[in-house]
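The numbers here are math on the coordinates, done by the rules we state, and not lab data. Keep in mind that what you see is a predicted model, and the values were worked out from it rather than measured. Glycine also receives a Cβ, built like all others from the backbone with ideal geometry; neighbour counts cover every protein chain displayed.
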Amino acid sequence: MKNIVLVGFMGTGKSVVARRLARRLDMKFISSDDIIEEKEGRKIAEIFEKSGEPYFRKIEKEITAQVSGLDGAVIATGGGVVLDEENITALKKNGVVICLNADPQTIYERTKKHKHRPILNVERPIDKINELLQLRAPFYARADHQVETTGKSVDQVVSEIIKIYNG
């Protein structure tokens, strides 16, 4: 049974949608960020702050290779996992890769209370969101499918993904 892999920018709903999707389909839920934090014994924000983004991306790549080998799981990835082509290739081997999208204002509203978002700890986070969305657009476009989450409930997004998965 193929995995369902959710990619997309932070705040698009990857974790919450993946959890609900896994429950609805009776599949295992996997969060690559949770695995990284468990392996490192510290939060993502601390990894970025103390060890830097290149170190984090190295660990993320190792974990991506590991979870790509699973079967029948719903995998929520970190927002930047798509930046490494090898990650996407690995995730597609046994997975349907679905990119969740949301408009910049929605992303900001969903993430503004979370101080654990290291790349948004800047003076003008909405500008940073726009900048990163533009930079990452070609990478997110490599997903097998795109699903818009702006203005939709978690259940609506889950139902849409189930339709895609069942093809």
query = Distance from the Cα centre of segment 131-150 to that of segment 1-69, in angstrom?
reply = 17 Å
task = Could you work out how far apart the two model spin labels at residue 162 and residue 94 are, taking each label as a point 7 Å from the Cα in the direction of the beta carbon, and quote it in nm?
result = 2.5 nm
task = Could you bin all the Cα-Cα distances of segment 3-159 into 5 Å bins starting at 0 and give me the percent of pairs in each, rounded to whole numbers?
result = 2, 9, 19, 23, 22, 17, 7, 1, 0
request  = Work out the charge dipole of the chain with +1 on the Cβ of Lys and Arg and -1 on the Cβ of Asp and Glu about the Cα centre, then indicate which of 78, 47, 30 is farthest towards its positive end.
outcome  = 30
Amide H within-cut-off set for residue 73, under 5 Å, with H built and near neighbours excluded = 3, 4
request  = Hey, can you grab everything whose amide H is under 5 Å from the amide H of residue 31? Only 5+ residues off in sequence or another chain; H modelled, so Pro and N-termini drop out.
outcome  = 76
11 Å reach of a label modelled at residue 70, 7 Å along Cα-to-Cβ, counting backbone N of segment 1-15 = 3-6
inquiry  = 5 Å is the cut-off here: which amide hydrogens, built 1.01 Å from N in the peptide plane, fall below it relative to residue 7, excluding neighbours closer than 5 in sequence?
reply    = 98, 99, 100
inquiry  = Tell me whether segment 27-95 comes out rounded, prolate or oblate; compute the Cα gyration tensor, take square roots of the eigenvalues as a ≥ b ≥ c, and use a/c under 1.5 as the rounded threshold.
reply    = oblate
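So which of 92/113; 14/128; 2/112; 92/163; 39/152 end up more than 23 Å apart by C-alpha? Could you put the intermediate results ahead of the total?
On the way: 92/113 33 Å; 14/128 20 Å; 2/112 34 Å; 92/163 18 Å; 39/152 34 Å.
Over 23 Å Cα-Cα: 92/113; 2/112; 39/152.
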request  = Treating only the Cβ atoms of Lys and Arg (+1) and Asp and Glu (-1) as charged, compute the dipole magnitude of segment 5-60 about its Cα centre; round to the nearest 20 debye.
outcome  = 300 debye
inquiry  = Calculate the FRET efficiency for residue 135 and residue 2 from the Cβ-Cβ distance with a Förster distance of 30 Å, rounded to the nearest 0.05.
reply    = 0.55
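Excluding residue 20 itself, calculate the net charge of residues whose Cβ lies under 14 Å from the Cβ of residue 20, where each Lys or Arg counts +1 and each Asp or Glu counts -1.
Values: positive: 14, 19, 23, 24, 28, 152; negative: 26, 155, 160.
With Lys, Arg at +1 and Asp, Glu at -1, the net is +3.
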ask   = Residue by residue, what Karplus-based ³J(HN,Hα) values in Hz, rounded to whole numbers, does segment 104-111 have, using 6.51, -1.76 and 1.60 with θ = phi - 60° and x for Gly and Pro?
value = x, 5, 4, 4, 4, 4, 6, 10
ask   = Applying the Karplus parametrisation 6.51 cos²θ - 1.76 cosθ + 1.60 with θ = phi - 60° to the phi angles of segment 156-167, what ³J(HN,Hα) value in whole Hz is obtained for each residue in order, glycine and proline being reported as x?
value = 5, 5, 4, 4, 4, 5, 4, 4, 4, 5, 7, x
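Could you calculate the FRET efficiency of residue 121 with residue 144 from 1/(1 + (r/R0)^6), where r is the beta carbon distance between them and R0 is 41 Å, rounded to 0.05?
Values: r = 32 Å, r/R0 = 0.78.
So, using R0 = 41 Å, E works out to roughly 0.80.
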query = segment 90-154: Rg/Rh from Cα coordinates, Kirkwood Rh?
reply = 1.01
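With a 10 Å Cβ neighbour count serving as the proxy for reagent exposure, in which order, fewest first, do 15, 31, 153 appear?
Values: 15 16, 31 21, 153 11.
Listed from fewest to most nearby Cβ atoms, that is 153, 15, 31.
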Which of 167, 146, 134, positive extreme of dipole for segment 66-167 (C-beta unit charges) = 134
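For segment 3-159, give the magnitude of the charge dipole about the Cα centre (Cβ charges: +1 Lys/Arg, -1 Asp/Glu; no others), in debye to the nearest 20. Please list the in-between numbers first.
Details: 25 positive and 23 negative charges, 68 e Å.
Dipole magnitude for segment 3-159 comes out near 320 debye.
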note = Exposure proxy check on 71, 34: fewest-to-most Cβ neighbours within 10 Å is 71, 34
task = Report ³J(HN,Hα) in whole Hz for each residue of segment 59-73, in order, from the Karplus equation J = 6.51 cos²θ - 1.76 cosθ + 1.60 where θ = phi - 60°; Gly and Pro get x.
result = 5, 4, 5, 4, 5, 4, 4, 5, 6, 5, x, 6, 9, x, 10
